[in-house]
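Reviewing the structure listed below.
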Amino acid sequence: MPHFTAKLLPLLHRSAHVTVLTGAGISAESGLPTFRGAGGLWRTYRAEDLATPEAFARNPQLVWGWYNYRREMVRSHRPNAGHYALAELHGLVGKLTLITQCVDGYHRQAGFEEVIELHGNILVSRCLQCGKEGETEVWRAGLPYCACGGMMRPGVVWFGESLPRAALQSAHHAAETCSIFFAIGTSAMVYPAAQLPHVAGMHGAYIVEINPEETALTALADELLQGPSGKVLPQLIHALTKVSS
Ligand code: BV8
Ligand code: ZN
């Protein structure tokens, strides 16, 4: 059982607004590889080769091959206990804003409706020509095309691309106005998402990190619950329901 300080549970129990930022680590126990941990995706592939507009322009077949491989993994795996525990936490605190860097859509699948997806969704395709999002019309030579004839791209944010403005604004607002900020399963290395815990800290939020390892954020955090989120989050919910009853 990870060590919760005596401070965390009462703080959670009476908090008006909790903000959570998740990263690829929350889906690790679903069997989806993370980006930088052991066996991480970037270990096998370099981000510069695959998750940038230049890479897509240079070799769209290679990039689509990688995204189709990852789409298959997302479709053949499931949300884990950590995703479901966050959906449950929603009902136990005043207000809970969930921000994710994940592109797998697992928070919504686990029943959390309002998710701020900072880096888009891997199962969405978007037309380069007309911007329409949705099912591709036809695949030619390993590439998807829209009804308008334009080539389609994965609906994610690549390195060097701006994040969706509305999503980033809501995420900043949630970081500025929460009393507790959880950073779960993120190496806190990718910006501007990695800025959010710092914004929360500057506004006086209590920062809690859930991660099996220490990260760039651990020094800033008020508390590190060291362990896998699929175990730690259900334990946190269990302890919280005992406090609330
Ligand atoms: C932008 C979608 C600018 C695509 C992704 C130098 C300094 C600072 C910044 C930069 C720089 N050089 C370049 C930049 C900017 C760059 C950046 O931050 N680079 C980093 C690498 C230095 N950022 C960008 O390019 C962003 N855009 O800045 O635009 C701009 C300015 C002007 C005009 C136009 C543009 C865009 C960033 C978004 C990139 N897209 N994903 C795809 O998925 O294919 S990012 C990708 O990384 C994923 O979204 C992933 O979620 C995200 C962050 O990684 P993490 O989620 O943290 O995952 P990671 O593997 O790193 O860590 C996993 C953690 O889980 C580990 O800590 C591990 O211990 C833990 N864990 C493991 N198991 C478990 C666990 N935790 C809990 N339970 C477990 N069981
Ligand atoms: Zn189109």
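Any read-out appearing in this document is the output of simple, stated calculations on the displayed coordinates, not a laboratory observation. Being a predicted model, the structure only gives us computed values, none of them experimental. Note: ideal-geometry Cβ built from the backbone for every residue, glycine included; neighbour counts use all protein chains shown.
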Cross-link reach list, lysines versus K242, counting only Cα pairs under 24 Å and skipping chain neighbours closer than eight places | K7, K95, K231
Proxy reagent accessibility, fewest Cβ within 10 Å first, across K242, K132 | K242, K132
Phi-derived 3J(HN,Hα) across the stretch 235-245 with the Karplus relation (6.51, -1.76, 1.60, θ = phi - 60°), rounded Hz, x for Gly and Pro, is 5, 5, 4, 4, 5, 5, 5, 5, 5, 6, 6
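With a sphere of radius 14 Å drawn around the Cβ of L217, what net charge do the other residues whose Cβ falls strictly inside it have (Lys, Arg +1; Asp, Glu -1)?
On the way: positive: R36; negative: E209, E213, E214, D222, E223.
Around L217, the charge tally is -4.
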Let me have the 222 nm mean residue ellipticity of the chain computed from DSSP H runs of 4+ only, each contributing -39500 (n - 2.57), with the sum over all residues rounded to the nearest 500.
-> -9500 deg cm²/dmol
Sequence-distant residues sharing a close amide H with I207 (under 5 Å, placed H) | F181, D222, E223
Over the chain, one equal point on each Cα, no solvent: what is log10 I(q)/I(0) by the Debye formula at q = 0.11, 0.14, 0.16 Å⁻¹?
-> -0.58, -0.91, -1.14
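What does the charge count around T19 come to, taking other residues whose C-beta lies under 10 Å from its C-beta (Lys +1, Arg +1, Asp -1, Glu -1)?
Values: positive: K95; negative: E176.
Net charge in that neighbourhood comes out at 0.
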The ³J(HN,Hα) series, computed from each phi in the stretch 181-194 with the Karplus coefficients 6.51, -1.76 and 1.60 at θ = phi - 60°, rounded to the nearest Hz and given as x for glycine or proline, is 10, 9, 10, 10, x, 10, 7, 6, 10, 9, 9, x, 4, 5
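How large is the direction-averaged shadow of the alpha-carbon convex hull of the stretch 1-112, in nm²?
Numbers: hull surface 34.3 nm².
Result: a mean projected hull area of 8.6 nm².
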Just need the relative contact order of the stretch 42-140 here, percent rounded to a whole number, with Cα pairs under 8 Å and 6+ apart.
-> 18 percent
Relative contact order (percent, whole number), the chain, Cα cutoff 8 Å, 6+ residue spacing | 25 percent
Residues whose built amide H sits under 5 Å from the amide H of T97, excluding neighbours closer than 5 in sequence, are V18, T19, V20
How many percent of Cα pairs in the stretch 136-245 exceed 16 Å?
-> 69 percent
If you line up the long axis of helix 60-75 against the longest principal axis of the chain, both from Cα atoms, how many degrees apart are they, to the nearest 10?
-> 40 degrees
Angstrom value of the Kirkwood radius, inverse mean 1/r, which spans all Cα pairs in the stretch 75-137 | 13.2 Å
Assigned charges on the beta-carbon of Lys, Arg, Asp, Glu; the stretch 5-157 dipole about Cα centre (debye) = 220 debye
Net charge of Cβ neighbours under 13 Å - reference G185; Lys, Arg +1; Asp, Glu -1 = -2
